[in-house]
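The values are calculated or read from the model by the stated rules, or taken from the named source; none is laboratory data. All of these numbers come straight from a predicted model, not from anything done at the bench. Reconstructed Cβ throughout: ideal geometry from the backbone, glycine too, with neighbour counts over all protein chains shown.
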Amino acid sequence: MIHYFLKTTQFIPNEFHNSFFDIDFTKLYRSGYRLILSDLDNTLIPYDLDEPNEELNNKIKELQDIGFEVVLLSNNIPARINKFLKGTTIKGYANARKPLLIGVKKAFNSSPIHDKTKTIIIGDQLMTDIWAANRFNVYSILVNPIKKKTEKWYTKMNRKTEVKMLHKIQKKYPNQFSTLGLDKRA
């Protein structure tokens with residue numbers, strides 16, 4: 001029901017990819033982006049894992065070698081975030097309260113890159129990650145969730161609203177919707 005009161009344009013990502021690993025970060029760097037604020041759960045790792053695997057650690061190192069600053073931005077609790085961060089060379093923020101901008105601003109302000117035109121937010125949820133990115137007026141990238149079976153009850157509720165919003169977007173913006181590839185997700 002809430003999706004009827006919300007503007008659909010607030011939920012349209014700039015890009016959509018199957019996974020974090022499918023994003024063309026070299027192209028984004030060449031386009032001037034330097035700061036990546038990434039969600040954790042079901043974006044980088046599934047809920048049932050606590051630490052990054054070797055592939056993810058290598059990807060983070062690759063992004064840093066390219067010149068990106070990578071910052072974790074999660075709505076999850078500090079204990080989970082700290083456990084994940086222990087195995088990485090990045091900083092992160094828990095209790096971000098996305099789609100509110102409290103955590104987004106905190107993470108953004110913690111970076112020496114204080115330029116929204118150089119910032120990307122990556123996540124797996126329209127109702128939290130993409131809405132926050134678009135409200136903060138930064139580049140937004142939506143990825144498919146890694147493992148929906150392990151999601152918390154409140155995330156599952158968000159997914160139901162998300163599907164309704166995707167159908168609303170598809171109806172209102174059919175060309176943009178199919179170009180992004182979101183039709184595979186709805």
*Do any strands (runs of 3 or more DSSP E) lying entirely in region 8-84 carry at least 1 residues that are surrounded by fewer than 20 Cβ atoms within 10 Å (Cβ to Cβ) and in contact with a strand residue (DSSP E or B) (Cβ under 8 Å, 6 or more places away or on another chain), and which ones are they?*
15-17, 69-73
*Odd one out for Leu100, checked against (1) closer than 30 Å to Met165 by Cα; (2) buried (at least 18 other Cβ atoms within 10 Å of the Cβ)*: (2)
*Number of positions in region 77-106 that are in contact (Cβ under 8 Å) with a residue 24 or more places away in the chain, hydrophobic (A, V, I, L, M, F, W, C) and out of contact with any Gly (no Cβ under 8 Å at 6 or more places or on another chain)*: 4
*Since Val143 meets every condition but one in (1) buried (at least 22 other Cβ atoms within 10 Å of the Cβ); (2) over 17 Å from Ile45 (Cβ atoms); (3) in contact with a strand residue (DSSP E or B) (Cβ under 9 Å, 6 or more places away or on another chain); (4) among the aliphatic types (A, V, I, L, M), which condition does it not meet?*
(2)
*Residues of region 105-129 being crowded, with 21+ Cβ neighbours inside 10 Å and at pLDDT 95 or above, which ones?*
Ala107, Phe108, Thr119, Ile120, Ile121, Ile122, Gly123, Asp129
*Across region 109-135, what is the number of residues that are part of a helix (DSSP H, G or I) and closer than 22 Å to Lys27 by Cβ?*
7
